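Colleague: This is the structure I have questions about; it appears just below.
Rule-based calculations on the coordinates, nothing more; no lab input. None of these values were measured; they are calculated from a predicted model. Heads up, the Cβs are rebuilt from the backbone with ideal geometry, glycines too, and the neighbour counts pull from every protein chain shown.
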Amino acid sequence: MDITGNIATIGFGLAALGPGIGLGIMVAKTQEATARQPEVAGLLRTNMFIALAAIEALGLIGFAAGFVF
């Protein structure tokens, strides 16, 4: 099965959609938690950056899978 053209573009878009939603929810919840307890803002920021790296890695794996398979 050779996927080319517009079908591949849809797959790449779906690979980017999940991490985009995940990042939006994560940043929103981090801001909400910082507003509730400002004294833990540093710890929340650190955890947010670790989660950001994991979410972006999953997005890149999904993007690269289109080229491999």
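Colleague: Scanning region 21-43 for residues that are within 19 Å of the chain's Cα centre (by Cα) and without any contact (Cβ under 8 Å) to a residue 12 or more places away in the chain, which turns out nearest to Phe67 (Cα to Cα)?
Modeller: Ile21
Colleague: Against the definition (of a type in the set (S, T, N, Q), in contact (Cβ under 8 Å) with a residue 12 or more places away in the chain and either assigned to a helix (DSSP H, G or I) or under 30 Å from Ile7 (Cα atoms) (or both)), how does Thr46 come out, yes or no?
Modeller: no
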